[in-house]
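Novice: Please see the structure below; I have some questions.
The values are calculated or read from the model by the stated rules, or taken from the named source; none is laboratory data. Note that the structure is a prediction, hence the values are computed from the model and not measured. Neighbour counts run over all protein chains shown; Cβ positions are idealised from the backbone, glycine included.
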Amino acid sequence: MQQFNVKVIVISIANPILVGIYQNDCLVETIQKEGKTSDILPTLFNDVLSKYNIEEIFYVNGPGSYMAIKIAYVFLKTISLVNKIKLYAISGFDLNGNSPIKALGKKYFIRIESDGKEEIIIDFLNDREIQEFVLPDNLLNLKFSENTLPEYNLPAV
């Protein structure tokens, strides 16, 4: 059986966990799974690796669930090193229409952009709508980073 070359996006900071399979930069398969990142990613990637030849992996490196980000990073970094796959990161805000992202309790991460600068704050919603995470139809015009370290955006203690 011939394996197709693909790119993969992983959104693990919310439920359901979303994984998009892209061929020629266009979405060809969507996988949604409810549950914990630590339970889902290993079996999901076992299936994907047996079906496709992954060239690149993109994952949401923040903000969001600290544990989900940490687990996704360690798992995907290991997969990328062992299989010689390029790993990139993307902000969760770029995959949910710049909507607030759940932080702690009733607080949310909110991205504020002004004068070409970006700041992420943690605050209550104040009647802002929340959009779900969405796998883009294609990978064009997305801002991926080679700096794949998690961005926890932890508040000062």
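Novice: Only one residue in Leu95, Leu81 is buried (at least 17 other Cβ atoms within 10 Å of the Cβ) and under 19 Å from the mean Cα position of the chain (by Cα), so which one is that?
Specialist: Leu95
Novice: Tally up the residues in segment 115-153 that are loosely packed, with under 11 Cβ neighbours inside 10 Å and either more than 24 Å from Leu104 (Cα to Cα) or out of contact with any strand residue (DSSP E or B) (no Cβ under 9 Å at 6 or more places or on another chain) (or both), please.
Specialist: Count: 11.
Novice: Just the residues that are outside any loop (DSSP other than H, G, I, E, B) and either touching a residue at least 60 places away in the same chain (Cβ under 8 Å) or farther than 17 Å from Leu41 by Cα (or both), please, taken from segment 71-85.
Specialist: Matches in segment 71-85: Ala72, Tyr73, Leu76, Lys77.
Novice: Turning to a different aspect of this structure: Give all pairs with beta carbons closer than 6 Å in which a residue from segment 125-137 that is at pLDDT 95 or above meets a residue that is not aliphatic (A, V, I, L, M); count only pairs at least 6 apart in sequence or on separate chains.
Specialist: Pairs that qualify, where the first residue is at pLDDT 95 or above and the partner is not aliphatic (A, V, I, L, M), are Phe133/Asn96; Leu135/Gly20; Leu135/Thr30.
Novice: Which numbered condition trips up Tyr88, out of (1) at pLDDT 95 or above; (2) assigned to a strand (DSSP E or B); (3) in contact with a Pro (Cβ under 7 Å, 6 or more places away or on another chain); (4) not aliphatic (A, V, I, L, M)?
Specialist: (3)
Novice: Please verify whether segment 57-70 includes one or more residues that are part of a helix (DSSP H, G or I), surrounded by 20 or more Cβ atoms within 10 Å (Cβ to Cβ) and within 16 Å of the chain's Cα centre (by Cα).
Specialist: The answer is yes, given that some residue of segment 57-70 is part of a helix (DSSP H, G or I), surrounded by 20 or more Cβ atoms within 10 Å (Cβ to Cβ) and within 16 Å of the chain's Cα centre (by Cα).
Novice: For segment 114-157, how many residues are part of a loop (DSSP other than H, G, I, E, B) and among the β-branched types (Val, Ile, Thr)?
Specialist: Total meeting the criteria: 4.
Yes/no matrix, rows are residues, columns are (1) farther than 12 Å from Ala72 by Cβ; (2) in contact (Cβ under 8 Å) with a residue 24 or more places away in the chain:
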| position | (1), (2) |
| --- | --- |
| Asn5 | yes, yes |
| Val19 | no, yes |
| Glu29 | yes, no |
| Pro42 | no, yes |
| Lys51 | yes, yes |
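Novice: Can you pull out the residues in segment 1-50 that are of a type in the set (Asp, Glu), outside any loop (DSSP other than H, G, I, E, B) and over 22 Å from Gly62 (Cα atoms)?
Specialist: Matches in segment 1-50: Glu29, Asp47.
Novice: Then there is this: Kindly indicate whether any position in segment 1-14 is over 14 Å from Leu135 (Cβ atoms) and either surrounded by 22 or more Cβ atoms within 10 Å (Cβ to Cβ) or within 17 Å of the chain's Cα centre (by Cα) (or both).
Specialist: No, that holds for no residue.
Novice: Which condition does Ile110 not pass, out of (1) out of contact with any strand residue (DSSP E or B) (no Cβ under 6 Å at 6 or more places or on another chain); (2) on the phi < 0 side of the Ramachandran plot, if it passes all the others?
Specialist: In the conditions (1) out of contact with any strand residue (DSSP E or B) (no Cβ under 6 Å at 6 or more places or on another chain); (2) on the phi < 0 side of the Ramachandran plot, Ile110 misses (1) alone.
Novice: If a residue must be charged (D, E, K, R) and under 23 Å from Met67 (Cβ atoms), how many such residues does segment 105-157 contain?
Specialist: Of the residues in that region, 6 qualify.
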